[in-house]
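This report concerns only the one structure given below.
We did not get these values from a lab; they are worked out from the coordinates using the rules stated. Just so you know, these numbers come straight off a predicted model, no measurement behind them. In this analysis, Cβ positions are derived from the backbone assuming ideal geometry, glycine residues included, and neighbour counts consider all displayed protein chains.
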Amino acid sequence: MDEQPIIIKRKKVVAGGHHGGSWKVAFADFATAMMAFFLVLWLTATASPEQIKAVEGYFRDPIGFTEGGSPNPVDLEGSASVINEASPDIESSQIQIEDEVVDELSETLEQRRMEELFQELKERIEQNQTLQEFKDQLLIDITDEGLRIQIVDRSGRPMFDSGRAELKYYSQDILFELAKTLGSVGNKLSITGHTDATPFKGRPGYTNWELSADRANTARRALVAGGVESAQIGRVVGLSDSVLFDTADPMAPVNRRISIIVLNKRAAQGIRDSAGHSDEPLIDLTKPTEEDRQQAMDKLESGEWLEPKPEPAPGELNW
């Protein structure tokens, strides 16, 4: 007996009825078109007349060869875009950096250079035999004006002879060694002379102001002889005992010192501004000219001023 074949009939079920999922695609296209439409309405409502004209020119000539056309008709103030060098709108694509940001960056870089110079000087003091011997008289720090090097007196080891502006031989060697490093930087230098609070009695009409200024100028000559350019000197002043190092002991040897500052750009500009924007080095020795001194001596000799005091004993001479 032959077996009869079994036939199974399956019906195809279409999900969602006879429409299928094509309506979703159509709705997505419609939503996209509406979004684009409202975006165009928003742009035309917020655009300036010049931008509207640029948009009109873009649709007439997208490449931008004719008047009114531009590949970048509307600037939405977003990130900078890269455009062709031949584009007439190249200036508008340049990134504008605020002056304050540039100044802050410049000051940061200059501060870093000062710190590097600080380390270089410390290493030179440790490695150089001359500076190593007198390292307890060399004080280095960074101030608002720049990098400051102070050469101070120690008991029994002064920089200058008593009451004089001539350098000791070892003081001259110190300045020569420092000049090798200071002469390699492009910054201006400020040189200041200081004394202690003991009044000077060695010469009539000559005070600690003249003495401190003369010593600062002597230090300047030594630095120039050691390799510092004359044009690098920005200021030479004498401050007498007006700025004491040790305020608790105004007579202390450490108050007698020479201060050398590697000026930062802001401090150097301040010196130029105070001198009337002059490009010439400012040398304020805080002392009269030779002609003024001669006139003073003539008046002293003629009795127009008080009679000069008698010469003091050798032990009364001051630094």
Discussion item. Multiplying the sequence separation of Ile8 and Glu126 by 0.36 nm and subtracting their Cα-Cα distance, what value in nm do you get?
Written reply: 32.2 nm
Worksheet item: Distance from the Cα centre of region 131-167 to that of region 195-217, in angstrom?
Response: 17
Response to the item:
When Ser240, Ser155, Ser106 are arranged by how many other beta-carbons sit within 10 Å of their Cβ, fewest first, they go Ser155, Ser106, Ser240
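Please give the net charge around Arg113, taking every other residue with its beta carbon less than 13 angstrom from that of Arg113, where Lys and Arg add +1 and Asp and Glu add -1.
Result for the local shell: -3.
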Worksheet item: Taking the Cα-to-Cβ direction at Ser155 and at Ser242 and moving 7 Å from each Cα, how far apart do the two end points lie in nm?
Response: 3.1
Worksheet item: Counting pairs of alpha carbon atoms under 8 Å apart in space and at least six apart in sequence, what relative contact order in percent does region 106-306 give?
Response: 24
Worksheet item: Placing +1 at every Lys and Arg Cβ and -1 at every Asp and Glu Cβ, with all other atoms neutral, what dipole size does region 106-306 have around its Cα centre, in debye to the nearest 20?
Response: 240
Discussion item. Under the 0.36 nm per residue contour assumption, what length would be gained going from the current alpha-carbon distance of Ser106 and Ala45 to full extension?
Written reply: 17.6 nm
Response to the item:
With 0.36 nm assigned to each residue of separation and the Cα-Cα distance removed, Val25 to Glu229 gains 65.4 nm
Worksheet item: When the Kirkwood hydrodynamic radius is evaluated over all pairs of different C-alpha atoms of region 167-244, what value in angstrom, to one decimal, is obtained?
Response: 13.2
Discussion item. Which three extents, in angstrom, do the Cα atoms of region 117-272 have along their principal axes, listed largest first?
Written reply: 41, 37, 30
Worksheet item: What does the charge count near Pro158 come to, summing +1 for each Lys or Arg and -1 for each Asp or Glu among other residues with Cβ under 14 Å from its Cβ?
Response: +2
